[in-house]
């Protein structure tokens, strides 16, 4: 269990139209899906990397990262004390999956604290990075340090931070956004060719915007699926 604490171990898509979402992501990334009690699981090759579940109309599509925990109840309590909200009121056991608590942080960005029924290593394919977009990087760093146990390093100007799990593994970053810009968790998915991924996303009914290059790392674009859920497609520098 210790190897998953503070690590992103799966990502779940909440969508009002699972069939459309499945067609979009299978076409974009070559993922496969199969039924499980809460919807469908997503595989990248043979590896389970997340799931897809249906939400009521009006809630909009969104990706929710699952962060590993040794004690979900303790994380939920700490989050509530720090100003977060456990959206289900209290943690719950999901048959065949594990114990989880969906949590809104102080900026209303959602994640799940998750203790899987059968502990496993974090997935090494599919999702490769996670970025928190927040109006207050320092406050977000304090929140996640106090709830999921990350060690945060905030830039001197307060515009960015990086997060390390308790084992020292770098797991995520936070970037400051201006008023009116999208907030929340943005997962990154690795691709072999960024321009091909952008074109495929558009052809399948999504949009691709906000392209950027990170010196020495790679390039990415933000993709919005037909139901409004966003993620980034990332091509590492060769």
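With respect to (1) touching a residue at least 24 places away in the same chain (Cβ under 8 Å); (2) surrounded by 14 or more Cβ atoms within 10 Å (Cβ to Cβ); (3) under 30 Å from residue 24 (Cβ atoms), the lone exception for residue 193 is condition (2).
Are any of the residues in region 5-19 under 18 Å from residue 229 (Cβ atoms), modelled with pLDDT of 90 or more and part of a loop (DSSP other than H, G, I, E, B)? So far as region 5-19 goes, yes, one or more of its residues are under 18 Å from residue 229 (Cβ atoms), modelled with pLDDT of 90 or more and part of a loop (DSSP other than H, G, I, E, B).
Where strands (runs of 3 or more DSSP E) sit wholly within region 29-120, those with at least 2 residues that are surrounded by 15 or more Cβ atoms within 10 Å (Cβ to Cβ) and within 16 Å of the chain's Cα centre (by Cα) occupy 39-44, 47-54, 62-68, 98-104, 110-116. For residue 185, the stated conditions hold: it is crowded, with 20+ Cβ neighbours inside 10 Å and under 14 Å from the mean Cα position of the chain (by Cα). For region 148-157, the set of residues classified as under 24 Å from residue 100 (Cα atoms) and in a loop (DSSP other than H, G, I, E, B) consists of 148, 149, 150, listed by residue number.
The values are calculated or read from the model by the stated rules, or taken from the named source; none is laboratory data. Quick caveat: nothing in here was measured; it's all calculated off a predicted structure. Glycine gets a Cβ as well: all are built from the backbone with ideal geometry, and neighbour counts include every protein chain shown.
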